[in-house]
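The values are calculated or read from the model by the stated rules, or taken from the named source; none is laboratory data. Predicted model only: the values in this text are computed from it and were never measured. FYI the Cβ positions are ideal-geometry reconstructions off the backbone, even for glycines, and counts take in every protein chain you see.
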Amino acid sequence: MPKPLGRLKRTAGIVAVFALLATGPAYSIAVQSSKRFDPDGSFWILGKPPSEFENIGGINLNSRASKRLPLAGVELVNGRRLRFKTLSVKREALVFTTDALQGVSYSFSGRFLRGGVFSAQNLDEETPVLEGTLTKLRSGRKVAEAKLKFTYFGGT
C-alpha cells in the first residue's frame, strides 16, 4: 500500500508545479500592470534650450510636498518659481499651465516616456523621460513654442 500513496503524492506535486507554471505569466502581468507610477522630481530640458526658453530651470513635480524635492511649479534659472495654475499628471500625459510672473506664463502638453517610480530608477542626464510642447505666453498670448525632451533628477 505505500507505493500508491507515494505515487499519489508525486502526482499531486507535479500537478501543483504545472498549476504554478500556468498561472505564473498571468501573475507577472498583473504585478507589472499594477506598478505604482510616481514621477515626482525635477525635469530639465535635454540639450541646449531654444533662446526663448533659456530662462527655464526645470519643471518640478512634488505631489506629496516632500522636503527633499523643490516646490512644485516651473522653476526659472534666477530661482523664482511659477506655481501650477492647472496640473494633470497621469502615466500617459503631463499637462499644465502656470500662474503669470510679470505677465509671462507657461503651458505644457506632453507624455512620459516610461512608467514606474522615477526616483527608484537609475536615470541619467542623457536619457529623455518626458517629451512635449512647452508654450510661453505673454499676457495670455503665445509668444514662443517648442517641442522639447526632458531628463529627470530625483533630488538629493
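So, in the range 35-88, exactly how many residues are of a type in the set (S, T, N, Q), in a strand (DSSP E or B) and more than 20 Å from Glu125 (Cβ to Cβ)?
Filtering the range 35-88 down to residues of a type in the set (S, T, N, Q) leaves 42, 51, 55, 60, 62-63, 66, 78, 86, 88.
The next check asks that each one be in a strand (DSSP E or B); those that pass are 42, 60, 86, 88.
Add one more test, that the residue is more than 20 Å from Glu125 (Cβ to Cβ), and what stays is 86, 88.
Total satisfying the criteria: 2.
With the requirement that a residue be touching a residue at least 60 places away in the same chain (Cβ under 8 Å) and surrounded by fewer than 18 Cβ atoms within 10 Å (Cβ to Cβ), what does the range 48-69 give you?
Looking only at the range 48-69, we keep the residues that are touching a residue at least 60 places away in the same chain (Cβ under 8 Å), and these are 49-50, 52-53, 56, 58-59, 66, 68-69.
Within the range 48-69, Pro49, Pro50, Glu52, Phe53, Ser66, Arg68 qualify.
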Only one of (1) more than 14 Å from the chain's Cα centre (by Cα); (2) touching a residue at least 24 places away in the same chain (Cβ under 8 Å) is not met by Phe43, so which one is it? (1)
The range 73-130 - residue that is under 12 Å from Leu61 (Cβ atoms) and at pLDDT below 95 and, of those, surrounded by the fewest Cβ atoms within 10 Å (Cβ to Cβ): Ser119
Pick from the range 131-151, criterion loosely packed, with under 13 Cβ neighbours inside 10 Å and under 13 Å from Ile45 (Cβ atoms), ranking: farthest from the chain's Cα centre (by Cα): Lys147
Which ones in the range 41-59 are modelled with pLDDT of 95 or more and either of a type in the set (A, V, I, L, M, F, W, C) or touching a Ser or Thr at 6+ places or on another chain (Cβ under 8 Å) (or both)? Phe43, Trp44, Ile45, Leu46, Phe53, Ile56, Gly58, Ile59
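Just give me the residues in the range 123-143 being of a type in the set (A, V, I, L, M) and touching a residue at least 60 places away in the same chain (Cβ under 8 Å), in sequence order.
Within the range 123-143, the first condition is being of a type in the set (A, V, I, L, M), and the residues that meet it are 123, 129-130, 134, 137, 143.
Scanning the range 123-143 gives Val129, Leu130, Leu134, Val143.
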